[in-house]
Structure formats: structure tokens, C-alpha cells
Amino acid sequence: MTFKPPEHIQRILSSLPAKPGCYLMKDDKGTIIYVGKAKKLRNRVRSYFNSSAESSAKTLRLRENIVDIEIIVTETEVQALITEETLIKQHQPFYNISLKDDKHYPYIKINWQDPFPKVETTRRIVKDGSRYFGPYAAMWAVQNTLRTLRRAFPYLTCDRVINGKDERACLFYDIKLCNAPCIGTVNKAEYRAMIGELMDVLSGRSEGVVKRMTAEMNQAADALNFEKAAMIRDQLRAIEYITQRHKAVNPNMTDHDVIAVARDKNDAAVQILFIRNGKLVGSDVRMLGGAEGEPDSEVLSQFITQFYADAAEIPHELILPNEVEEARIIEQWLKDKRSGQKVTISVPKRGNKRDLVKMAGENASEALRMIREQWEADTHKQEEALSALQAALNLPTPPNRIECYDISTTQGTSIVASRVMFVQGAPRKSEYRRFNIRTVAHAGPDDYQSMREALTRRFTRWKTAQEDPTQVAPDGKDTDETWRLLPDLLMIDGGKGQLGIAVEVLQEFGLFGRVPVVSLAKQFEELYLPGNPMPIILDRRSPALYLVQRVRDEAHRFAITSHRQQRNKAGMASKLETVPGIGPKKRKALLKAFENSISAIRSASIEELTAVKGITEEIAASIKEML
């Protein structure tokens, strides 16, 4: 069924110009929820409302909330890109891809416009003639770098007016951390030459500096001036300490940034490798939110425009893993920011550059994994997520115990339901359980009835534990704490249908109203509550959304793993059935003895096989022959 927008939107769509510009989509409160740019506004904006949008869950959610569209016509596509970047930064629209952390990363700033330049740290880029080096991941990294560099290049840190006529230098001169231009020890040209060499080291061009200082050290040693030689030696060690982190890449690569992206649901991590003068001089990783449903090309495009909008330095080439839309427009925009010097965007297919893209991608994946692990280990963030989920679902208490159920099946066979448990926002794997579905295994796939069976068996165990804690559960497992305690939130992977089944089961056990229940629909990440036909859509930046996604994904992973194990067991059993003399009992005994591993049975010796009850030498020989 084709989506039909409201009449007001239809009138806007029919009057759109075929010109470049930006479009601002607004909700019923007048809030800007999306900003985009277009080569032709008419074609781009209309695409959100035609059949091509049906495959994007994010676009479907977006257009359901659009009540007005404002356009800004620009003269060129580059102006449209600049306007889009400015508007995104200003309004932070809900559905746009955005840098998740808006903090300003630290840089080393050298006031080159001053007669005696100082070396400072800063988080702000100002076009005042200063030179900037970075960004660095953290301020401590900047401080460590400067502390080391100052031993080799004793630059000014005081606020004196330098005229070379002061009577005395400060303490830093005495401890050799300043070369005291204030008292005329060095003149302006000498001081600026030293700062120039410092900038060469930061830029990865340290070879000339090292060569000059090595020659001076050798001359001092030859002249028996060992104190000066030792001082230069220490300076060289300081430079080596800085440059040893600059990995040699390719002497032909003088000024390049290598960019790659790693994806995980709504999040994306973008890794940048900074290559200067053939060396890898630094790297950075940035998190992007709102990447759900967006292709990598769009993620990269949005990242480039946001990252380089305030960057201190624009390289002459960006090396990407894949093509981006409107690459030529972005190149022109970067060229303008680089004072008219050409900037190229390339996508290598082979060679050294392709290897660097691969390395950047691996680093991005690792960064994303580490960020997720840090979140899982951060109790403050878990508490924040539980509080946010409590507020969103209007729960009486924070959902400290969350049970989530998922169904895994292949063509109606080996149906498995999984239950995972999250306690205080973290997985508790000792309380994970699986249910081999029996009642619908031969009637074809039926997720509803499979869910009913799993929940019925779970709460039957709860009931048994309440009536007599010493009793054994129906499937032979002890009724331990995991069955006695009720969840603070029962989560079902699915939509309204699965939620209805969960409500019916809770009603059967007298628990409806006592155990809060919610379902999470996969396609739109919507939460459904009993009796409420309208879904709850959590803010994509909310920690509550991240928590429910983690719970749901863990339930799905556990169900898939259980299902795979069940299929493997069935496959092992079928292989053993082909061996003469092996029936169900002997097959079961073999699998138990060798921990369900057909490979272990295959590689076992005759003596190891005959050690299993019922396995004769003749049968063991048949096993070796058949397997």
C-alpha cells in the first residue's frame, strides 16, 4: 500500500524547485527533526514519500512524524553542504547522523604569528595565524608530548615582553627548560628556528632535525665538550620518544587521512589515521549516533562534513573504504577550507593504501567493542539506563531483574526458546535458560504457541517453587532462585501478537498486573505495552534504548546458539546411526562419554571406544571404519 502524505505535505512536494538547497523537516511541535541537502530539492524530498523509502525503517519512522517541510534554496551544491552542516550543528535534529560527543578535542597550539611563539594547549581552533597539531585523544596525551618535547626544544611559557634586555632569566632557564630569549641568550631568528624544528617533529618531519643535532653532538664529543654532548643526547632521546610512535607507512604519502567505519545497530565508530610525510603520526576515533538504516556512504559523508568543519588541518587526500555520494562537492568544500589547495577523495582497491583502510577498519571495530564493554562495566550508566527505562515504561520500580524471551526455529524443526536474565543492567549468564519446544514441533512453525509454551513452563516452575521449594520442576531441574524470583520486567522479542500471548499466560497464573510486561518490535525498535495500541519510541540517544537492545540481542544470540547446538546433536546422532550395532542407548552413551563431539569419537582409539559401556571391539572397529 502506497503511503499518502497529508494534503499540506502534498502541496509542498508539488511546489518544490529543481534547484540545490537544504530541507528542514519538522514535527507537530515545530521542532526540526531532520536536515538534509539536495542537488535537486524536488527529487530528493519527494523520495521520502515514494515506494523507494519503504525499505528503510528509519525513513518510515521519520515521515510518520513530518508535519511541515521548510526549504532553503542555495546557488550551488557546495553552499547547500555548508548550510546543512551549519543547521545540523545548530539544531541537532533527532533523525540526523551526528557526532555523539560534542566535546572539543585538545590540540597543541603554536602562536606562530608572534615574534617569539609560545607553545600551548587548546580545545578551540581560531584562525589567527597560529599553527595547530592534533587532535589528541585526551589532554594528558598532549601534556605528555609537550613535557617530552620541551626537553629538546626549551620554549617560552612565561608572559614576559621579550626584548632581550631583562636582567635575569626565570628558574626554567636554570633547569634547561627555556633558552631565555628574555636576556638575549638567543635572538628572534634563533628562537623561531627552534620552534620551526619543533613543528617539524610534530608533523613527522624529524629526520633533518635529528641529523643536525647528531652532527652537533658528535662535534661536541670530538671537542671533549662532554656536557654539551650529553645534553644534545638527551634531546635526541626526547625526539626519539615522540617519533617512535610515528609508524613508517609510505614515503610517497605526504599528507593523507585514512578513514574507515565500523557499524553496530544505531551506532557507528569512525577511525581516522593521520599520515604526514610518510608516517602515521596519530589517530582518532569518533562515535556517530543515528546511523541506523543509513548506508556506509552516507555515514562517511556526514562524518567528513562534521569532522572537518572545525578541523585545524585539511589533508590533500582522504582515503576511504568506499565511495561517498557527492564526493566532488565535498572535495570542492574541502578545497575552499584549504585555502584553494586541491583535496582528493579516493577509494583504493589494492596496495598500501588499501591495507591502511583495512587497518583503520579493524581499529574502528575494536574501538566500538571496547566502548560497549566499558558501558557494560559502568554501573553508573547502567543505573542511568534502568532509571530511564523505568520512566519510559512508567514502572513502579527500576527493572533490576529483566527476563527476555526469544524463539529460534528453522523450517519448523528444532524450535528453541531462550530466556536471558539481566540483573542491575548487566547479563547474568548463570540464570540463562533454554526451552526445547515440544508442543508445536511437528505442526509447523508457530512463534505464538512456542512463546506460550516457554512462558507457561517458566511460570509453572515459579508456581511449583511457591507451593513447595523442595519439589523438582516438571523437566527435572531443581526450582532454584532463578524460578522463585519474579522479574521486575518481562520482555518479549516481538510485536503485539507475542505481547498478547505473554499477557494471557500471566493472567493464567494470576500475575498480570504484578509482573510488568513489554514487547520490543525488531523493525522499528518500538516498545508495546498491554492495552496501549500506540508504541513507545525511545529517544535513540537514550541509555534505555541501548539497554533494551542489548537484552533483546543477547536473547537472540542465546537462542541461535542453543538452536545450533541442537541441530549439531541431531547431526551427530544421525551419523552414529549408520554404524552397524549401534542403537539409541549406545549412541547416547557414546555422545555422553565424548561430550557430544563427533570429532572426538572419530579420533578416539579402539581402547577409548571400548571403554564405553556396550561398545565391543567389533563395534569400535566399525565406528573407525564408518566415521
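The values are calculated or read from the model by the stated rules, or taken from the named source; none is laboratory data. A quick note: this is a predicted structure, and the numbers were derived from the prediction, not measured. No Cβ is skipped: glycine too gets one built from the backbone with ideal geometry, and neighbour counts run over all protein chains shown.
Of note:
- Selection count where residues are touching a helix residue (DSSP H, G or I) at 6+ places or on another chain (Cβ under 7 Å) and over 27 Å from Ala367 (Cα atoms), scope segment 119-147: 2
- Scanning segment 291-316 for residues that are part of a loop (DSSP other than H, G, I, E, B) and under 20 Å from Phe274 (Cβ atoms) yields Tyr308, Ala309, Asp310, Ala311, Ala312, Glu313, Ile314, Pro315, His316.
- Only one entry in Ala385, Ala417 is modelled with pLDDT under 90, closer than 20 Å to Asp553 by Cα and in contact with a Pro (Cβ under 6 Å, 6 or more places away or on another chain), namely Ala385.
- Unique residue being at pLDDT 85 or above, among the acidic types (Asp, Glu), in contact with a Phe, Trp or Tyr (Cβ under 9 Å, 6 or more places away or on another chain) and surrounded by 18 or more Cβ atoms within 10 Å (Cβ to Cβ) when the list is Asp488, Asp493: Asp493
- Restricting segment 180-225 to residues that are more than 25 Å from Asn277 (Cβ to Cβ) and either at pLDDT below 85 or of a type in the set (A, V, I, L, M) (or both), the residue that is surrounded by the most Cβ atoms within 10 Å (Cβ to Cβ): Ala180
- Hey, Ala138 modelled with pLDDT under 85 and surrounded by 18 or more Cβ atoms within 10 Å (Cβ to Cβ) or not: no
- For segment 26-45, the criterion of being crowded, with 19+ Cβ neighbours inside 10 Å and among the basic types (Lys, Arg) is met by at least one residue.
- Residue selected from segment 499-548 under the condition of a type outside the set (A, V, I, L, M, F, W, C), without any contact (Cβ under 8 Å) to a residue 40 or more places away in the chain and touching a strand residue (DSSP E or B) at 6+ places or on another chain (Cβ under 6 Å), by the criterion surrounded by the fewest Cβ atoms within 10 Å (Cβ to Cβ): Pro535
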